Amino acid sequence: MLSLIAWKNIWRNKVRSLIVMTSIVLGIWAGTFIMSFSWGMTSQYVNLAIKQEISHIQIHQPDYKKDKNIKFVIPEAESLLSEIKKVKEVKAVSARTLVNGMASSATTGIGVNIEGVDPVSENTVTGMKENVIEGDYFETIKHNPLIIGQKLANKLKVKVRNKVVLTFQDESGNITAGAFRVAGIYKTRNSTFDELNVFTQKEDLNRLLGVHDGDAHEIAVLLNNNNDLPVVMKKLTAKFPKLKVESWEEIAPDLKFVIGSFEQTMYLFITIILLALAFGIVNIMLMAVLERVRELGMLMAIGMSKPRIFFMIMLETFYLSLISGPLGLALAYGTIHYFGIHGIDLSAFSQGLSSYGMDSTVRTSLPAGLYAEILLMVFVASILAAIYPSIKAIKLRPVEAIRKI
């Protein structure tokens, strides 16, 4: 009986009820969409950093991480790749030789990170071949080919097939240099990365460094799914106890902090929206109670208990959120799904975004579990908002309430 009365009560003033429901729907839609935009931008930033720069897991000699001395290599690193590939969660793996040096052209010189890679395996990890916008990916030039970023190429004022001299210290600590020819120019979504990193074939760099062909400073491991990270970390740590196995969370704690801070900000943001909705619900339901003072007094006079009156007002508010909450989330899901496919174009800010390693096209997304959490928070907020109007209703005195016009 109370459920039926409460349902009829919310439609006695259709305009007011529709205004409340519309405000809840729009509030949930706007809040959820903004969260999906932020999450999409954050997840793209982290995924790009993992894909192009650090990978899910890196393996080094323990001493190499202390000062990055090139003498601390992983012996016969190439032979370890086949063992790592046997782990079913691993998607791709690549061995790299790393050294800091100077890239010089006829015009100027700039400090860079020099990476010696196997073109095939490196492309499976980073997809670098897809980023080459001029020239090719180690295909045309056979002797000492070099791949450099577009921003670095502009600073050095070099083009494809131009010569670049790389200068660095070899394994013995002597300054050595090698003439390389630009085979390709790449461009990623991170302009800072493009400016600081050059790629050459590992065998060419190892020869100049005085390092054995099969040795490497780093093994990068890309997984099929980030959720497999703990399992793979445990397997590789057990398989290579003398090497330092690190996840991307350890290598780049700033990325982990970005995700953690987003989660906190997300809950704070939705809480603020729900508080605003709650105050609106309190106001509307209080008006509904004050308009029905005589009616509520009559119900109490004929024997309806105060707990039933309280429960009836609570039910009215719950029905409003029961209708509005799923509608708001459905609208939000549709919008998020659309822009998750087509993306939001921020090319007007591409230069600023690229300096932070962010894509100029943001694809909205939101973890599935958050929809249920948001809906639960809406129900809780609406019930809490109904408490004060309900208390106001049960404090009425039947005799005085019936006399009111």
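Among the residues examined, Ala348 qualifies as over 17 Å from Ser382 (Cβ atoms), loosely packed, with under 14 Cβ neighbours inside 10 Å and free of Cβ contacts under 8 Å to residues at least 60 places away in the same chain. Exactly one residue among His217, His212 is in contact (Cβ under 8 Å) with a residue 40 or more places away in the chain, surrounded by fewer than 18 Cβ atoms within 10 Å (Cβ to Cβ) and not basic (Lys, Arg), and that residue is His212. Using the structure shown, decide if Gly178 is in contact with a Leu (Cβ under 7 Å, 6 or more places away or on another chain), outside any helix (DSSP H, G or I), of a type in the set (Gly, Ala, Ser) and at pLDDT below 95. Against the criterion (in contact with a Leu (Cβ under 7 Å, 6 or more places away or on another chain), outside any helix (DSSP H, G or I), of a type in the set (Gly, Ala, Ser) and at pLDDT below 95), Gly178 qualifies. Looking across the range 183-219 at every residue that is part of a helix (DSSP H, G or I) and acidic (Asp, Glu), the one that is nearest to His60 (Cα to Cα) is identified as Glu203.
Could you go through the range 302-309 and let me know if any residue there is more than 27 Å from Met1 (Cα to Cα), crowded, with 16+ Cβ neighbours inside 10 Å, at pLDDT 75 or above and in the same structural domain as Phe37 (by TED's automatic domain parsing). No, the range 302-309 contains no residue that is more than 27 Å from Met1 (Cα to Cα), crowded, with 16+ Cβ neighbours inside 10 Å, at pLDDT 75 or above and in the same structural domain as Phe37 (by TED's automatic domain parsing). Restricted to the range 253-276, and to residues there that are under 14 Å from the mean Cα position of the chain (by Cα) and touching a residue at least 60 places away in the same chain (Cβ under 8 Å), the residue that is nearest to Leu370 (Cα to Cα) is Met266. Each residue in the range 99-136 was checked for being in a strand (DSSP E or B), out of contact with any Phe, Trp or Tyr (no Cβ under 7 Å at 6 or more places or on another chain) and buried (at least 20 other Cβ atoms within 10 Å of the Cβ), and 4 of them qualify. Counting only helices (runs of 4 or more DSSP H) that sit completely within the range 220-337, those holding 1 or more residues that are touching a Gly at 6+ places or on another chain (Cβ under 9 Å) and not aromatic (Phe, Trp, Tyr) correspond to 253-291. Selection of the range 209-252 for residues being more than 20 Å from the chain's Cα centre (by Cα) and of a type in the set (Gly, Ala, Ser) yields Gly210, Gly214, Ala216, Ala220, Ala238. When Val87, Val25 are checked against the criterion of being of a type outside the set (D, E, K, R) and not in a helix (DSSP H, G or I), a single residue qualifies: Val87.
Does the range 249-264 contain at least one residue that is surrounded by fewer than 17 Cβ atoms within 10 Å (Cβ to Cβ), out of contact with any Cys (no Cβ under 7 Å at 6 or more places or on another chain), polar (S, T, N, Q) and within 30 Å of Ser23 (Cα to Cα)? Yes: one or more hits.
The single condition among (1) in a loop (DSSP other than H, G, I, E, B); (2) in contact (Cβ under 8 Å) with a residue 24 or more places away in the chain; (3) among the basic types (Lys, Arg) that Arg96 does not satisfy is (1).
Within the range 14-27, residues that are over 11 Å from Ile281 (Cβ atoms) and surrounded by 14 or more Cβ atoms within 10 Å (Cβ to Cβ) have Cβ atoms under 7 Å from residues that are at pLDDT below 80 and not acidic (Asp, Glu) in these pairs: Arg16/Ile284; Ser17/Ile10; Ser17/Trp11, counting only partners at least 6 apart in sequence or on another chain.
The values are calculated or read from the model by the stated rules, or taken from the named source; none is laboratory data. The model shown is predicted, which means the values in this text are computed figures rather than measured ones. Methodologically, a virtual Cβ is constructed for each residue, glycine included, from the backbone with ideal geometry; neighbour enumeration extends over all protein chains shown.
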